[in-house]
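The values are calculated or read from the model by the stated rules, or taken from the named source; none is laboratory data. Computed from a prediction, not measured in an experiment: that's the story for all the values here. For neighbour counting, all protein chains shown are included, and Cβ atoms are generated from backbone atoms with ideal geometry for every residue, glycine included. Ligands, DNA and RNA are excluded from the accessible area calculation, which covers all protein heavy atoms including side chains. Shrake-Rupley method; radii C 1.70, N 1.55, O 1.52, S 1.80 Å.
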Amino acid sequence: MEKILYICPTPIGNLEDITLRAVRILKEADIIACEDTRVTQKLLNHYKIDTKLTGYHKFSEKEKSSYIINLIKNDKKVVLVSDAGTPLISDPGAELVRECIKNDIKIVPLPGACALTTAFCGCFHENENFIFLGFIPRKKNEKEELLRKYSDINMLFYESPNRLEKTLQEILEIRNNPYLTVARELTKIFEEIKRDSAENLYKYYSEHKPKGEIVLIIEPEKTQEIDMPEVMNKAKILQKEGYSNKEISKILSLLTQVPKNDLYKLLLR
Ligand code: SAM
């Protein structure tokens, strides 16, 4: 019998978002490894699945991986799920998959619900490329490093509702008021997909404290279309008029959307 570990996505809110194949594999399995047995049991009850559950969460990945590998080696059909969405996408499973590969166990990943891809399909596309880096870092200097490094591509992050307001404020300080999408409570009753400038979203969410789960999409900067020699000519004119480099970078940044810190550095050169 072929030794297989199935990776099975589960709904991110709406219980209908699960494939027929996923339901069949969950039914046929001998054991389902899951983060929280109470959460997964609700899904199993909904689909009348009576497969046994075993816990596999981020604190038990190492010891549980060898237990699961032994089950698979003993011809048990094992499926890995997470509480919601796709395992391994900011969820446990990497250790188990790594150990399976080392032990010549085949990985069969199933397609299905994922907050990241669902959010990206529902947002405005300046271009179609994106980078996903899990939860947005809490520290401002780490945010800044990422936002500067990937300024020409859509950036997708998972974010907590309690931190959204502060994150928007910091993005405003780092970047020049970019366009963002806040995709909240996807597939659920209070689903909300809101696209606006960072400034407007900051104002909105300061007055309407967000609840629920959030994917944040930061659109790329539009520097490619900007005629930088022309911008620098304007800077020279303003310098001759006696404006300081700080004032010039602020004015030109407002007019061109080029981040004021980048303009300031250019002016110093
Ligand atoms: N593995 C999951 C997936 O495939 O989307 C993600 C797990 S991660 C621990 C949980 C985070 O995903 C949440 O804090 C939130 O940022 C995002 N998320 C999950 N469900 C969501 C939903 N229905 N709407 C918006 N964001 C969601």
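Amide hydrogen proximity for A33: with H placed 1.01 Å from N in the peptide plane, the residues at 5 or more positions away or on another chain lying under 5 Å are T54, V79, L80, V81.
Below 8 Å, C-alpha to C-alpha, sequence gap of six or more: please give me the relative contact order for the range 116-218 in percent.
Working: 158 pairs, mean separation 34.2, N = 103.
Taking the mean separation of contacting Cα pairs over the length of the range 116-218, I get 33 percent.
Pairs K203/K265; K143/K194; K62/K139; K149/K260; K149/K209: which exceed 23 Å Cα-Cα? Correct reply: K203/K265; K62/K139; K149/K209.
Which of the lysines could be linked to K76 by a straight reach, that is with a Cα gap under 19 Å, when you skip same-chain ones fewer than 8 residues away? Counting by Cα, and skipping residues close in sequence, K76 has these lysines nearby: K3, K27, K52, K64, K102, K106. When you filter the GluC sites (Glu not before Pro) in the range 229-265 for DSSP loop state and at most 13 other Cβ atoms inside 10 Å of their Cβ, you are left with E241. In loop segments of the range 139-226 as defined by DSSP, the trypsin sites (Lys or Arg not before Pro) with at most 16 further C-beta atoms inside 10 Å of their C-beta are K139, R163, K188, K211, K222.
Computed from backbone phi, the HN-Hα couplings of the range 34-41 come to 9, 5, 10, 4, 5, 5, 5, 4 Hz, rounded to whole numbers (Karplus: 6.51 cos²θ - 1.76 cosθ + 1.60, θ = phi - 60°; Gly and Pro given as x). Based on C-alpha pairs under 8 angstrom that are at least 6 apart in sequence, the chain has a relative contact order of 17 percent.
Counting heavy atoms of the protein chains only and a 1.4 Å probe, report the per residue accessible area for the range 4-113 as a whole number of Å².
Working: 5630 Å² over 110 residues.
It amounts to 51 Å² per residue over the range 4-113.
Evaluated with a Cβ-only charge set (Lys, Arg +1; Asp, Glu -1), the chain carries a dipole of roughly 500 debye about its Cα centre, given to the nearest 20. Reported value for the range 116-218: 86 Å³ per residue, from the convex hull of its C-alpha atoms. Taking the chain as a Gaussian network of alpha-carbon nodes connected by springs under 10 Å, the highest mean-square fluctuation of the residues P178, P137, P229 belongs to P229.
Computed over the Cα atoms, what is the radius of gyration of the range 162-211 divided by 2.2 N^0.38 Å, N being its residue count?
Numbers: Rg = 10.8 Å, N = 50, 2.2 N^0.38 = 9.7 Å.
For the range 162-211, the normalised Cα radius of gyration comes out at 1.11.
Using the alpha carbon gyration tensor of the chain, what are the three equivalent-ellipsoid semi-axes (square root of 5 times each eigenvalue), largest first, in whole Å?
Working: eigenvalues 442, 75, 42 Å².
Three semi-axes, in Å: 47, 19, 14.
Each stretch of four or more DSSP H residues adds -39500 (n - 2.57); spread over every residue of the chain, this sum gives -12500 deg cm²/dmol at 222 nm.
Globularity index of the range 23-175 is 1.25 (Cα radius of gyration / 2.2 N^0.38 Å, N = number of residues).
Can you tell me the length gained on complete extension of the stretch M228 to K52, counting 0.36 nm per residue apart and subtracting the Cα distance?
57.1 nm
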